[in-house]
Amino acid sequence: MLPEDAAYDDGRRVWNGMIDKRPAAIVRPRSEPDVAAAILTARVNGLQIAVRGGGHNIAGASTVDGGMVIDLRLLNAVTVDADARRAIVGGGALLRELDSATAAVGLCTTAGMVSHTGVGGLTLGGGYGWLARMYGLACDNLVGVTVVTAAGEVVRATETENADLLWGLRGGGGNFGVATEFEFRLHRLPPVVSGGTSFFRYDDALPVIRNLLAAADGFPDRFLGIAAATLGRADHHLPAEFIGQPVAAIDWGYLGEYDEGRRVIEPVIAGHSPVLETPVSAGRSYRDLQTQSDENMHPGQRMYWKSSFISSLPDAGIEAFLTRGAGSESPVAGVEIVQLGGAISRVGEDDTAFSHRDARFDFLAVSGWEDPAEDDVRIEHVRRAWGAVAPFASQGSYVNNMGDEGNDRVRAAYGDAKYRRLQALKDRYDPDNVFHRNANIRPSAIAGPGGQERSAAIS
């Protein structure tokens, strides 16, 4: 698709409505040779390359002004071998396509929490979701990847073939080529899932969040807890006096019956008088759980967020979380703390590129809105909300939540030793930094300031 084509404007749209870029060309390959041809054509013509799977990157890494977008959406087939418990997934598949195919035979693998997210981007950056504490990250269940490199070569990475590349693809992002096919390990699908939300007055929330953070290590792997602070909305179904007012919430999901999950969360909230309790997913299917956030994160909405891993928060950190997330100082940003641990933490720190396995929570400050006139105030409030809690963070960052935050943040996401190992892979598979629209691992030859903007044309 070229700018003059009728389908161009639709084809260039990505999930975040703030991103409005105009590529020189959008290419939709149907095979690895097509991908290779696109890469080499872009390089010969001096065009930057962006790779689109689901188009969900918060900073718009899946598109580029004046360059070429390699849009993988036609490579979206999902094939399931129920006997072997394996799924072969195209690089352009969405989570809902993966979930639909695996659930049909009573199986599943870890995916994110919004079904229109791309499988590829989520997995390459790590990939946590409702199943991660029980079955590990998406990248932990990745047993093979087919990649087209910057030189147009098709490479297969498994635990026995190019195992070092598979190591890097398990959390190292899209730095090493275009991933056209993924092979996942599958698990038994929970026959029923459940969950709930308890809302609390803003002034009453600190001890409840303290309880959640303290109790989290004792939760079973099939349980996931989330603390949130935001402004009450009509779709929360709160009493009228809480609409537009700061509130806090404890959300939870359980891979099992509601009464079992409720017994896990009860000690956290007991004695703290929630203003509303809602069993949001009692007795529902996993696929229902996977789609419950789709509308709140709908395509075209303007979005901005920042995040950090944390181990714990003292009361001063919880106060900052509440004040900046839902208090009068920040009327447009929400914050949340998502539980990690479980099976995620039982994978060795050096076994994959994904780092900070000991992180207990992911902290996010996030805002979504429709009016472009609100961009500046929304972004500033998110930055302030994140900045208020960041001094209490003791970990790095989840690369899938990173925007264009600079090389220091990328290094911190992996740590120096892993970054050097990833850089060695980058030197081998992409020494010219063709694939730099990501949490970029700069090759050693161009790792100085501005290296990631260098032209990657073939001379």
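The values are calculated or read from the model by the stated rules, or taken from the named source; none is laboratory data. If you're wondering where the values come from, they're calculated on a predicted model, not measured in any experiment. Using ideal geometry, Cβ is built from the backbone for each residue, glycine included, and neighbour counts are taken over all protein chains shown. These accessible areas exclude ligands, DNA and RNA; they are computed on the full protein's heavy atoms, side chains included. Shrake-Rupley method; radii C 1.70, N 1.55, O 1.52, S 1.80 Å.
A few remarks follow.
- Solvent exposure of segment 123-271 amounts to 34 Å² per residue of accessible area, where only protein heavy atoms count and the probe is 1.4 Å.
- With contacts taken as Cα pairs under 8 Å and at least 6 residues apart, the chain reaches a relative contact order of 17 percent.
- For segment 77-120: accessible area per residue (Å², 1.4 Å): 33
- In the full protein context, segment 370-431 carries 49 Å² of accessible surface per residue, based on a 1.4 Å probe and ignoring ligands, DNA and RNA.
- Among 425-438, 397-410, the order from most to least packed when residues are scored by Cβ within 10 Å on average: 425-438, 397-410
- Peptide packing for 80-86, 298-304 was compared via the average number of neighbouring C-beta atoms within 10 Å per residue; ordered from the highest value, the list is 298-304, 80-86.
- Mean-position separation - Cα centroids, segment 149-189 and segment 361-393, in angstrom: 33
- Carbon and sulfur %, accessible surface of the chain computed with the full protein complex present, 1.4 Å: 49
- Computed on segment 129-288, with alpha-carbon pairs under 8 angstrom and 6+ residues apart, the relative contact order is 28 percent.
- Neighbourhood charge, 10 Å Cβ-Cβ cut-off, centred on ARG85 and excluding it, Lys, Arg +1 and Asp, Glu -1: +1
- In terms of packing, defined here as the mean over residues of other Cβ atoms within 10 angstrom, the peptides 415-423, 246-254 line up highest first as 246-254, 415-423.
- Under the Debye formula (equal points on every Cα, no solvent term), log10 I(q)/I(0) of the chain at q = 0.10, 0.11, 0.14 Å⁻¹: -0.70, -0.86, -1.39
- Relative contact order of segment 287-398, pairs being alpha-carbon contacts under 8 Å that are 6 or more residues apart, as %: 43
- Amide H within-cut-off set for GLY244, under 5 Å, with H built and near neighbours excluded: GLY232, ARG233
- Extending 7 Å from the Cα toward the beta-carbon at both ARG420 and ASP288 defines two label points whose distance is 5.2 nm.
- Segment LEU206..ALA270, full-extension length gain: 21.7 nm, with 0.36 nm per residue of separation and the alpha-carbon distance subtracted.
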